[in-house]
Amino acid sequence: MKQLSDDDILQMAGVEYTPDDTATQRTVRTELKLSKRIPPAPQLTPEHIVLDLHNKTVEQAWADIMAVATSGAKSANIITGASGVLRQLFPQWARESVLSPHIVDFRPINNGSFFVRFHHKKTGK
């Protein structure tokens, strides 16, 4: 990477210098060691998520489901597998736990997965 000379810094400090993109601004700010950093671009939440819970413990599955429910996604396919404890626990969690306020509705897709719609977070200004 090129080292900035005094002339480069003076040119950048002038009114006519405007970086053309965020990456350039971030690079210049880092090289100049400015105290204010440009915040990272917000990550877009996908509208639909597929969550496969195969080979997960009950605790891992719970954490993953809660993460998806609070992520801002509109819906998800949650794959529990056709047999096992997660297939039996998910409907109970969706109806009777702290997860239930996040869920609009859910229905089985097949014997081992569910389609779930989540409440949308309202973003206030």
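Side notes on the structure shown:
- Residue in region 8-21 that is modelled with pLDDT under 95, under 28 Å from the mean Cα position of the chain (by Cα) and exposed (fewer than 15 other Cβ atoms within 10 Å of the Cβ) present: yes
- So VAL98, is it more than 19 Å from ASP52 (Cβ to Cβ) and either at pLDDT 95 or above or not charged (D, E, K, R) (or both): yes
- Within region 47-124, strands (runs of 3 or more DSSP E) holding 2 or more residues that are over 21 Å from the mean Cα position of the chain (by Cα) and exposed (fewer than 11 other Cβ atoms within 10 Å of the Cβ): 103-110
- Scan of region 52-101 for residues that are acidic (Asp, Glu) and closer than 11 Å to GLY112 by Cβ, ordered by number: ASP52
The values are calculated or read from the model by the stated rules, or taken from the named source; none is laboratory data. Since we're looking at a predicted model, the values are computed, not measured. All Cβ positions, glycine included, derive from the backbone under ideal geometry; neighbour counts span all protein chains shown.
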